[in-house]
Every structure is written in C-alpha cells, then in structure tokens.
Amino acid sequence: MLRFSLTVLLFFFTLTAMCQKQISRQEAVNLAANNSVYSSPAQLDLQRQQQLLKGARGFDNPELEFEIDPYDPMVLGVLMPLRLPAVYGTRRGLQKERIKLSELMLRLNQFEINRLVQNTYTEVQYLSARVLLLQQQDSLYQTIKTAAQRNFQAGQINKLEELFAANEANNIRNELDRATIELSAQKRGLSYIINFDEDFLVDDFYSTATDSILITLTDTITNSIRPQILQQQVALSEQELKAERAELLPSINTGPLFGLENKAGEDKKLGWRVGLAIPLWLNQNRARINAAKTGIQIAEAQQKKELQDLNRQYTIVRSQLLKEQQSIRYFTEVANKYASEIIETALRLFQAGQANYIETVRNIITAFQTKANYLEAVKNYNQSLIELKYLTGTL
C-alpha cells in the first residue's frame with residue numbers, strides 16, 4: 001500500500017513537471033542580467049559621467065561690457081576668461097577618473113545581481129528538494145496514522161500509540177504546508193529578478209553541490225571588484241588634489257573693444273583689452289588644497305579598512321565552505337545510506353509486528369531528519385561557494 005502511494009505521488013509530480021519550463025542556473029543569471037530594472041541606475045550613472053566629460057574642458061562664458069563715459073565715446077567690450085591649459089587638463093582628467101569609478105560601480109552592480117539571482121535560485125532548489133522530502137515523509141506518516149487509527153479502533157494498540165502517530169503526522173503536514181508556501185514565495189521572488197512570469201522548475205539540487213565540490217580554492221581576493229573600486233577612489237581623490245592646485249594658476253581675461261560712436265572725421269577703431277586674474281586669497285585656496293589632501297587620506301584609510309574586512313570575510317566564508325564540504329562528504333558516504341536503511345528496517349520490523357508505532361515513528365523521524373540535514377548542508381555549501389566567488393571576483 002505504501003509503495004503504491006509513493007508511486008502514484010511520483011507519477012503526479014512527474015506529470016506536473018512536464019507542463020513547466022526548466023530554467024537552469026545559467027539561464028536565470030542571463031535573464032537577470034537582461035532585467036533593466038536592476039541594471040539601469042548604474043548604467044545611467046555611467047552615461048551621465050560620460051556626458052559630463054564633453055564639458056570638462058569647456059571655456060567660461062564670455063562677458064559683454066557696455067561702457068558710457070561723458071568724456072569718451074561709448075564702448076562695447078567682449079571679455080573672454082581663459083585658463084591655462086593645465087587647468088583644463090586636470091578638469092578633464094578628474095572627469096575621466098569619475099568615469100572609471102562609474103564603470104567599476106557598474107561591474108559591481110552586475111556582480112551583486114549575479115549573487116542575488118544565484119542565492120535565490122539556490123534557495124528555490126533547496127525548498128523544492130525539501131518539499132519533495134516532506135511529501136514523501138507526509139505520505140508515509142499519513143499511511144501510519146490511518147493504520148494506527150484503524151488498529152486502535154480494533155483494540156490492537158493503546159491510545160498513546162494512536163495519538164503519537166497522529167501528532168507526528170500532523171506535524172509533518174504542517175511543515176509541508178509551510179515549506180510549500182515558502183517555496184511559492186521564493187519562486188515568485190526569483191521570477192521578479194529574472195523577469196519571467198510563467199511557472200518554472202529549477203535544476204536538480206544535488207547535482208549543484210556535487211559538481212562544485214571539487215572546486216580549487218584560492219587564497220586571494222585580488223580579482224575582486226571591490227578592491228579595484230577602493231583603489232579608484234584613491235586615484236580620484238589624488239586627481240581632485242591636482243585640480244585644486246591647478247585652480248590656483250592665474251587666468252587671462254581678454255577680448256575686443258568696439259567703439260559705438262566716433263568724432264567727426266574719424267574712423268571707428270577696434271581696441272583690445274587684456275587682463276590677468278591672480279589668486280590672492282591664500283587662506284581659502286590653501287583650505288581647499290588641505291581638504292583635498294585630507295580626502296586622499298580618507299580614501300586610503302577606507303581602502304585599508306575595507307581590504308581588512310574583505311580578507312576577514314574571505315577567511316570566514318572559506319572556512320564555512322570547507323566545513324559544509326566535509327558535512328556533504330559525510331552525508332553522501334555514510335549518513336544518507338544509514339538513514340535509508342533505518343527507514344526500511346523500521347518499516348519491515350513494524351510490518352512484522354516486532355516494533356510498535358512509537359518506536360517506528362521515532363526511528364523514521366531520525367532518518368528523515370538526517371536527510372533534511374543533508375539538504376541544509378548542500379544549501380549552505382552552495383551559498384558559501386557563491387559568496388566566495390563573489391569575494392574573489394570569479395562569480
């Protein structure tokens with residue numbers, strides 16, 4: 001009877017799965033990368049910085065002057081402020097550094113989207129496997145519950161055995177309902193990320209960890225995008241200091257003068273004006289330079305702090321990965337086999353009348369808990385692997 005129920009259940013889920021689209025992990029990553037909702041802000045910021053580059057070396061607007069003197073003819077002047085080439089060069093260089101930072105932030109955004117979709121995909125895989133395990137457990141427990149009620153009514157078992165079997169069956173049914181709701185929510189969340197409205201299935205949960213368990217780990221984060229961003233922030237602060245120093249250079253004001261009236265018998269003559277603007281307010285100029293120097297120190301201090309945090313995170317995540325790797329090896333080589341044997345033996349002894357309901361259910365609980373712990377280890381391993389790849393810039 002039990003085998004028939006499990007066979008019918010397996011056939012039902014196989015038939016349902018045939019009506020759903022299978023989305024692999026890489027397909028989910030590609031779909032998320034094409035979802036502009038997550039990538040547009042960073043792309044638009046880069047576009048804005050690139051647009052600002054065109055005006056980084058722009059000249060100041062010319063000034064028009066109209067002079068009326070009772071003793072001289074009226075004069076119209078055009079005054080054009082001109083800075084030394086070094087000023088325009090540092091302004092353009094500063095904007096280029098901002099563009100580089102925006103490019104790195106765009107790459108970081110892509111890494112974070114990748115990490116988000118992969119973690120969510122892993123969660124859906126885990127919950128799918130957990131629901132399937134709970135369905136198997138629920139089918140088995142409901143069968144035991146029904147048999148216990150029938151045997152109690154026949155006077156073959158006591159009330160405690162009947163209550164214990166019913167209570168455990170109800171607990172598993174509750175866990176199944178909770179896991180099903182959580183799975184539905186996580187799949188809906190993943191569908192938002194990948195912008196996919198139809199129902200779908202994910203890859204088999206076990207193969208992910210098995211394929212990844214032989215990964216070669218590296219003790220470096222040099223390829224990570226975050227250290228590159230920190231270094232670029234230092235370079236940007238250094239360029240800001242150069243720009244502030246360049247602003248202290250004198251500027252030239254020059255332009256033609258046009259006479260609007262002339263004395264009788266005289267031709268209108270074109271004049272020319274040249275002026276020199278010299279920065280005299282040393283205190284405020286020095287204040288800006290000192291602030292720029294402090295900005296470099298802040299960027300360097302932040303870089304050291306972030307790099308230390310990155311190395312700390314890498315050490316912790318790598319340790320977690322190795323720990324879960326050991327757990328998976330233990331479950332696949334030892335514990336899962338024993339769990340299956342415990343279930344088979346408990347049912348055989350129960351059917352032979354050599355074990356009561358309480359003893360049988362307790363043994364089955366232990367075995368299924370082992371299988372659930374295995375799923376948890378696989379999930380933790382996959383998530384640690386994702387985080388480690390994110391930290392090392394290989395995700």
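Yes or no, residue by residue, for (1) at pLDDT 90 or above; (2) assigned to a helix (DSSP H, G or I):
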| residue | (1), (2) |
| --- | --- |
| 171 | yes, yes |
| 175 | yes, yes |
| 181 | yes, yes |
| 187 | yes, yes |
| 192 | yes, yes |
| 197 | no, no |
| 201 | yes, no |
| 207 | no, yes |
| 211 | no, yes |
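For residue 146, the conditions (1) surrounded by fewer than 18 Cβ atoms within 10 Å (Cβ to Cβ); (2) in contact (Cβ under 8 Å) with a residue 12 or more places away in the chain are fulfilled apart from (2).
Among residues of region 328-354 that are more than 29 Å from residue 379 (Cα to Cα), those with a beta-carbon under 6 Å from a residue that is modelled with pLDDT under 95 and surrounded by 12 or more Cβ atoms within 10 Å (Cβ to Cβ) at least six positions away or on a different chain give the pairs 349/355; 350/360.
For residue 127, the test of being in contact with a strand residue (DSSP E or B) (Cβ under 8 Å, 6 or more places away or on another chain), closer than 30 Å to residue 183 by Cβ, surrounded by 17 or more Cβ atoms within 10 Å (Cβ to Cβ) and not polar (S, T, N, Q) is failed.
Restricting attention to region 18-30, the residues that are under 15 Å from the mean Cα position of the chain (by Cα) and surrounded by 15 or more Cβ atoms within 10 Å (Cβ to Cβ) total 2.
Scanning region 306-329 for residues that are over 20 Å from residue 374 (Cβ atoms) and touching a helix residue (DSSP H, G or I) at 6+ places or on another chain (Cβ under 8 Å) turns up 306, 307, 310, 313, 314, 317, 318. Each residue in region 170-198 was checked for being within 17 Å of residue 122 (Cα to Cα), surrounded by fewer than 17 Cβ atoms within 10 Å (Cβ to Cβ) and charged (D, E, K, R), and 2 of them qualify.
Kindly provide the set of residues from region 286-326 that are charged (D, E, K, R) and without any contact (Cβ under 8 Å) to a residue 12 or more places away in the chain, ordered by number. Once the filter is applied, which keeps residues that are charged (D, E, K, R) and without any contact (Cβ under 8 Å) to a residue 12 or more places away in the chain, region 286-326 yields 286, 304, 305, 309, 312, 323. Tell me which of these residue 286 doesn't satisfy, since it passes every other one: (1) closer than 30 Å to residue 80 by Cα; (2) crowded, with 18+ Cβ neighbours inside 10 Å. Of the numbered conditions (1) closer than 30 Å to residue 80 by Cα; (2) crowded, with 18+ Cβ neighbours inside 10 Å, the odd one out for residue 286 is (2). Taking region 35-64 as the range and being assigned to a loop (DSSP other than H, G, I, E, B) and over 17 Å from residue 198 (Cα atoms) as the test, the residues that pass are 54, 55, 56, 57, 58, 59, 60, 61, 62.
The values are calculated or read from the model by the stated rules, or taken from the named source; none is laboratory data. Fair warning: this is a prediction, and the values are worked out from it, not measured in the lab. Here Cβ is always computed from backbone atoms with ideal geometry, including for glycine, and neighbour counts include all displayed protein chains.
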